[in-house]
Amino acid sequence: MPDREKVIKGLYLCEWTSAGRYDGYEPDYESCLKCPYRQDDLEPDVCCADLMRDALELLKEHGPRVLTLEEAKKAEVCWLEQRGYEPYVTDDADTWNPEIYGKAYRCWSAMPTDEQRKAVKWDDLENHAQRPYA
């Protein structure tokens, strides 16, 4: 998994990711020199490709996944799935019963697809709670 802080710094500094580049925009090479993806023997657009690859991998890791009860309680909002019903957004985590979490309902980090919902079995929730789905 890519280093999250390195990706964030690279995205912040990378002038080559600007849409203006394609409109004749000339990047600030001072920023390129500070970028953690910059390598002396590479052209800036090669560094940018490496940065974008790592950023995409990080985004995929943050796809919809079932939250643990502790994560759900800390989340400002989540997608609540009650067994047999479509998920909906809620912010009502403080009233959830830990005895039936994962049995009668569960929370997702983002809106899951039907395929993702079916892939995580209700009785095997703990083994899937940390597994991302892209």
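Each reported figure results from applying straightforward, stated rules to the coordinates on display, with no laboratory input. Quantities reported herein were computed from a predicted structural model and do not represent experimental measurements. Every residue, glycine among them, receives a Cβ derived from its backbone with ideal geometry; neighbour counts consider all protein chains shown.
Side notes on the structure shown:
- Net charge over other residues, Cβ less than 10 angstrom from the Cβ of Asp54 (K, R count +1; D, E count -1): 0
- In terms of its Cα atoms, the range 69-128 spans 27, 22, 19 Å along the principal axes, sorted from long to short.
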